[in-house]
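The values are calculated or read from the model by the stated rules, or taken from the named source; none is laboratory data. No experiment lies behind these values; they were computed from the predicted model shown. Methodologically, a virtual Cβ is constructed for each residue, glycine included, from the backbone with ideal geometry; neighbour enumeration extends over all protein chains shown. Protein only, heavy atoms only, side chains kept; ligands, DNA and RNA dropped before computing areas. Shrake-Rupley method; radii C 1.70, N 1.55, O 1.52, S 1.80 Å.
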Amino acid sequence: MEQLLTFQENDFLGSVTHVDTEQIIIEIENQGIMGKICVGNIVAIETGKRHEFLIALIDKVTRKYVDDFSEDEEDPDEIMVSSADYIKVGIIGTYHTVMGGAHDVFKRGVDSFPQIESKCYCISGSNLQSFMNILSKDIATDKRLKIGSFLMDAQADAVLDGNRFFQRHAAILGSTGSGKSWCVANILEKASALPYANIIVFDMHGEYASLSEGPERIAERFRIAGPGDLEKPPQDVLFLPYWLLNREELLSMLLDRSDSNAPNQAARFTKHIRDLKLATLTREGENETIKSFTVDSPIPFLINDLLKKLNADDTEKGIGANNRQIKGEWEGKLTRFISRLKTKVEDKTYGFMFQPPADVQAYNWLANMLCRLLGYEDGRKGIKIIDFSEVPSDVLPVITGTLARLLYNVQFWVQPELRTPFTIVCDEAHLYLPIKEDADGVQKQALYNFERIAKEGRKYGVSILAVSQRPADVSKTILSQCNNFIVLRLTNERDKGVIKNLLPDSLKSTIEFLPLLDVGEALVVGDAILLPSKLLLDKPAESHRPVSATKDFWNEWDTNCPNNAAIVNAVNALRKQCR
């Protein structure tokens, strides 16, 4: 059989001079090849087996000078300088010409290290194209996720295994302006070609709206209700009523733990919510559910009924000796709690939670809403974009965490054989998934829900695709559970340090490339791609490009006059909290 990788004399690099578990040093013997090699190139190293090569990436190219001075020379001031060229490489896998009944197989990992004097070759030209094709040939056509081309060979497609990319969590990380949003749009565009793609995008700034517009739209768009949507909510508006939140999530928003009456307030709050949910189930005739529901079960009740019960507790007098009125058991102990609750209920910025329309209070509303997000309906797209741009920042963690928990819990309770997997794309993850040490009570509730998905979601067909410009500020638990990384340009040392800790030792040196990457270039590492590689990512179609392009300040200042009328309209929108 003809060998796929065939090396000529001009491909020869040199021989191995140093081997340890972390690196291999190769002395260059073919000086003519020095102009062709650079850091990041791929090298093949012979092993003791005839049909096997170790595949390595060049980490460092260096030239060592040796001073050769001899007193026997006629001119004692003349110093002879000799030089030798070396490269340091890190092994990433093994290429087998024949492996059992298979041919041309690349596997990660190393069975054996090379010997001193083993010959080494540069993989370039036709060999490079052949090798790149090997990397994706075992990925079935229907599983291919082409996201770009290799920087080493623009003619070779960079293909990810779609199964491995989504099922084992992933992260897209890069500084602002590096091309993260385009990368997300590119992946969504490729996924939309599948008839039953199921992806839910948590869009923090409304930048992915273009994917749901026009004749070439590939997504459905929903928007968390703003203050201007409360009276006549449009069809695409989503409410997340207070009764969807569990006890701890509600208390994290309402309870002041430093209040001496906090335990009493939490106790009465819990009792009344359970009683109100029981009343709803009784009214709906859900006798089976009554037997096993808890205070955290998502069952509708009216917030005004809860306020009435709390007010009754707070003002009710007790009966003492001789039927004389005395201070009630709860009297005055709930006043501050009621005040905080009323403030939230009356604030229109929290209207999506505390002022839902009547139809949202219906018992069957939740099932219908989740069918829109997780189910299938003819004519509707499988990619759903949820716009959180009008949600107040102080409750953003609770709302994102509540929705993620709800989606995950429903998936958990679907019969295993009937589950359809889905992915949650967490755009701007640092805003609501901070590192635990920096999180307040509200953020910890969101963290708990997302970290549970990160740790357990794979078993139930739920995965996370975290997107952030500040990986140093994102939960370490969530990033450590990600098995695939698309890393664009990063310049901050703390952020680079986080990436370094997530990569295997043999790839740690590659992070030094990150500040040098151009817009749309990325380092891709993980289970979904056999060879950790620098890629040029595909651009999404013009109609699908996110609304996040960097403004050309100098050109804009040269051509565009500021619009006073637009500023006046913006002030009115600010006052109304409605676009």
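If I fit a long axis through the Cα atoms of helix 262-284 and take the longest principal axis of the Cα atoms of the chain, what angle between them do I get, 0 to 90°, rounded to 10? The helix 262-284 is inclined about 80 degrees to the chain.
A straight Cα-to-Cα reach below 19 Å connects Lys36 with the aspartates and glutamates Glu9, Asp11, Glu27, Asp59, Asp85, Asp153, residues fewer than 8 places away in its own chain not being considered. Taken per residue, the accessible surface of the range 249-338 reaches 56 Å², heavy atoms only and a 1.4 Å probe.
Across the range 298-401, how many lysine pairs, 8 or more positions apart or on different chains, have C-alpha atoms separated by under 30 Å? Please give the number. Total qualifying Lys-Lys pairs in the range 298-401 comes to 23. Geometric descriptor of the range 521-579, per residue, is 182 Å³ (volume of the convex hull of the Cα atoms). To the nearest ten degrees, helix 365-374 and the longest principal axis of the Cα atoms of the chain are 10 degrees apart. Once Rg and the Kirkwood radius are both taken over the C-alpha atoms of the range 205-362, their ratio Rg/Rh works out to 1.09. Rounded to the nearest 20, the Cβ-based charge dipole of the chain about its Cα centre (Lys and Arg +1, Asp and Glu -1) stands at 4000 debye.
Taking only the C-alpha atoms of the chain, the Rg (one decimal) and the largest Cα-Cα distance, Dmax (whole number), read 30.6, 126 Å. So how tilted is helix 125-137 from the main axis of the chain? Cα-based, degrees 0 to 90, rounded to 10. Once rounded, the angle reads 40 degrees. For the chain, relative contact order (Cα pairs under 8 Å, six or more residues apart, normalised by length) works out to 19 percent.
Ranking request for peptides 146-157, 553-564, 309-320, 85-96: highest mean number of other beta-carbon atoms within 10 Å first, then the rest in descending order. Provide the component values of the computation, followed by the final result.
On the way: 146-157: 17.6, 553-564: 8.7, 309-320: 14.6, 85-96: 20.5.
Final packing ranking: 85-96, 146-157, 309-320, 553-564.
Mind grabbing the base-10 log of I(q)/I(0) for the range 454-579 at q = 0.11, 0.14 Å⁻¹? Debye formula, identical points on the C-alpha positions, no solvent, two decimal places. Each listed q maps to, in turn, -0.61, -0.83. Once the dipole of the chain is set up with Lys and Arg at +1 and Asp and Glu at -1 on Cβ about the Cα centre, which of Met204, Val395, Pro515 lies farthest towards its positive end? Ranked along the dipole, the leading option is Val395. 3J(HN,Hα) along the range 330-339, derived from phi through the Karplus expression 6.51 cos²θ - 1.76 cosθ + 1.60 where θ = phi - 60°, amounts to 10, 4, x, 7, 10, 4, 5, 5, 4, 4 Hz, with x in place of Gly and Pro. All other residues whose Cβ lies under 11 angstrom from that of Leu431 are scored, Lys and Arg at +1 and Asp and Glu at -1, for a net of -2.
Shown here are the Rg and Dmax of the Cα trace of the range 285-353, at 16.7, 50 Å. Is there a pair in Lys500/Lys534; Lys496/Lys551; Lys551/Lys576; Lys180/Lys534 whose C-alpha atoms are over 19 Å apart, and which pairs would that be? Result: Lys496/Lys551; Lys551/Lys576 exceed 19 Å. In the frame of its principal axes, the range 253-298 has Cα extents of 40, 16, 13 Å, reported largest first.
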